[in-house]
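All remarks here apply to the structure that follows.
The values are calculated or read from the model by the stated rules, or taken from the named source; none is laboratory data. The structure displayed is predicted, hence computed values, not measured ones. Cβ: placed from backbone, ideal geometry, glycine included. Neighbour counts: every protein chain shown. Please note that ligands, DNA and RNA were not included when accessible areas were found on the heavy atoms of the full protein model with its side chains. Shrake-Rupley method; radii C 1.70, N 1.55, O 1.52, S 1.80 Å.
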Amino acid sequence: MKRYFHHELQDLRSKLILIAEKAHEAGRLAVEGFLNSDLEKTERAIKLDDEIDDLEIEIDRASVRYITLRSPVSSDVRLIFVAIKASHDIERAGDEAHSIAKKTKRILTRDGKVVNKVHIEAMSKLAFAMLDDAITCFLEEDLELAESIMERDKEVDRLNKENFKALASDMCEGSVEPSSNIETILISKSIERIADHAKNLAEEVIYLLTGN
Amino acid sequence: MAQTSTPITTSENSQPPIIEIRNFDFAYGDSQALFDINMDIKEKEVTAFIGPSGCGKSTFLRCFNRMNDLIDIARIKGGEIKISGVNIYDKDIDVIELRKHVGMVFQKSNPFPKSIYDNIAYGLRIQGVKKKSTLDDVVEECLRGAALWDEVKDRLNESALGMSGGQQQRLCIARALAVRPKILLMDEPCSALDPIATAKVEELIHELKKDYTIVIVTHNMQQAARVSDRTAFFYLGKLIEFENTDDIFMNPKNPQTEAYISGRFG
Ligand SMILES: Nc1ncnc2c1ncn2[C@@H]1O[C@H](COP(=O)(O)OP(=O)(O)OP(=O)(O)O)[C@@H](O)[C@H]1O
Ligand SMILES: [Mg+2]
């Protein structure tokens with residue numbers, strides 16, 4: 001039977017969709033700022049971080065309140081526990097977007113534009129698609145989609161390693177300003193971490209659905 | 001009048017209280033059951049009373065419509081209770097009129113051994129309402145109000161005693177609504193009901209608070225958390241803490257409240 005407080009679970013889901021959208025938006029802006037040497041997008045990515053942090057706190061509070069006041073059982077409890085973990089993973093992905101934007105800003109301030117973009121574009125596309133799918137598989141309890149995310153993480157890792165090799169050998173040749181290459185290595189690492197958070201979330205969903 | 005200490009009230013809702021309790025002391029013979037209670041109950045809210053057995057919840061609830069008048073040794077030792085600004089223990093208060101204003105639903109559903117229809121029409125007939133169409137309208141309105149209409153509309157003339165426990169309890173609520181009270185007192189209304197019937201009564205309480213002020217005594221802490229806006233914790237005849245339900249269950253100020261709601265009491 002439907003209870004008058006069940007809409008609070010719906011609100012919780014909406015908040016999760018919102019925080020995921022904001023984290024994706026922050027990531028997209030940060031990476032576009034890097035790829036197009038666009039300082040304005042970089043700034044917008046940095047600003048989004050506070051909104052994401054606030055939403056995570058809201059989700060935690062709403063979850064604790066629901067557990068305390070509504071005595072949920074079964075799938076409602078699972079939903080809430082995964083929601084808490086999911087919002088944390090998403091918030092961390094948002095932190096990485098923030099970090100990408102900050103480093104891009106440093107490169108742009110120093111060099112005026114990004115010179116060596118390595119595989120950042122391809123990598124970020126993969127990572128953001130993983131993040132979107134991680135949220136979708138959680139909301140729709142889609143086990144197959146969750147499992148596909150685990151596989152896709154390997155490709156992101158591979159691209160990150162290639163980026164590292166390319167940027168490091170570049171530095172050895174002494175042809176570029178090393179600071180920017182180091183920053184790009186860290187940006188690549190941040191994207192790799194965004195994919196990791198998506199993978200964590202997918203793991204949670206698999207656990208939620210199968211108990212393993 | 002005695003110096004009034006500040007009533008324990010709660011923030012947010014700035015409506016004037018519909019029930020005001022000041023320095024209220026109550027005893028059964030020589031044994032005091034309630035000690036210096038100060039409290040404001042807000043209109044169109046659900047207020048829950050919780051606390052261990054014997055702490056005085058039912059006693060206090062019965063003071064709001066003077067049901068304790070029926071007990072010989074019951075005595076008010078001091079203080080006052082005002083409802084809508086009127087001291088209900090004034091000499092010239094018409095108690096029958098007061099009980100119309102402040103309805104009550106008990107732990108055990110107690111329908112009359114009459115038809116479903118007559119259970120609700122009864123109170124109105126006593127008031128002198130005779131017109132069939134008026135009675136029909138009120139019966140339907142109250143049964144709808146108690147979320148019971150769809151279940152019983154085809155068997156209004158069957159005995160109320162043939163209904164399930166949960167239906168009987170909702171019938172008693174419908175009966176209480178028939179005389180158009182402003183306040184509904186409920187003393188453990190779900191303690192004899194199964195989880196589904198309980199959920200239905202809780203849903204009903206949630207609906208009713210749009211039009212009524214509700215005070216509910218419950219031993220079920222989860223129920224208090226689910227249905228009420230404010231919760232009062234009583235212990236040994238004293239009001240220990242009265243706060244927004246969120247605060248009582250998520251962050252009580254008093255260690256005794258915390259111990260009680262977390263099951264670490266005694
Ligand atoms: N009719 C009565 N005559 C004498 N004493 C009474 C009477 N009713 C209650 N008491 C006493 O008053 C105190 C408060 O009782 P009350 O029934 O109000 O408690 P309660 O909080 O409602 O308990 P419970 O949760 O068990 O219903 C108890 O000590 C009880 O023994
Ligand atoms: Mg009692």
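Structure values in brief
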read-out	value
Residues located in the stretch B:170-201, provided they are of a type in the set (A, V, I, L, M) and part of a helix (DSSP H, G or I)	B:LEU171, B:ILE173, B:ALA174, B:ALA176, B:LEU177, B:ALA178, B:ILE196, B:ALA197, B:ALA199, B:VAL201
Single unsatisfied condition, A:PRO72 versus (1) in a helix (DSSP H, G or I); (2) farther than 28 Å from A:PHE34 by Cβ	(1)
Condition check for B:ARG170: under 25 Å from B:ILE216 (Cβ atoms), among the basic types (Lys, Arg) and crowded, with 18+ Cβ neighbours inside 10 Å	yes
Pick from the stretch B:175-193, criterion within 16 Å of ligand 2 (Cβ to nearest atom) and crowded, with 23+ Cβ neighbours inside 10 Å, ranking: farthest from the other protein chains (Cβ to nearest Cβ)	B:LEU185
Residues being within 11 Å of chain A (Cβ to nearest Cβ) and part of a loop (DSSP other than H, G, I, E, B) - total across the stretch B:215-261	3
Meets criteria (more than 14 Å from chain A (Cβ to nearest Cβ), of a type in the set (Val, Ile, Thr) and within 16 Å of ligand 2 (Cβ to nearest atom)) for B:ILE116	no
Pairs, first of a type in the set (Asp, Glu) in the stretch A:177-190, second assigned to a helix (DSSP H, G or I), C-beta under 7 Å, six or more apart	A:GLU177/A:ASP111; A:GLU183/A:LYS103; A:GLU183/A:ARG106; A:GLU183/A:ILE107
Matching entry among B:ILE196, B:ILE205 (being within 11 Å of chain A (Cβ to nearest Cβ) and either modelled with pLDDT of 95 or more or open to solvent by less than 10 Å² (accessible area, probe 1.4 Å) (or both))	B:ILE205
Exclusive hit being closer than 23 Å to A:MET130 by Cβ and open to solvent by less than 40 Å² (accessible area, probe 1.4 Å), set A:ILE59, A:ILE80	A:ILE59
B:LYS210 being without any contact (Cβ under 8 Å) to a residue 40 or more places away in the chain, surrounded by fewer than 18 Cβ atoms within 10 Å (Cβ to Cβ) and either more than 10 Å from chain A (Cβ to nearest Cβ) or not in a helix (DSSP H, G or I) (or both)	no
Residue list for the stretch A:63-77, restricted to those being open to solvent by 40 Å² or more (accessible area, probe 1.4 Å) and not β-branched (Val, Ile, Thr)	A:ARG65, A:SER71, A:SER74, A:SER75, A:ASP76
Residue match in the stretch B:75-88 (condition: out of contact with any Pro (no Cβ under 9 Å at 6 or more places or on another chain) and assigned to a helix (DSSP H, G or I))	no
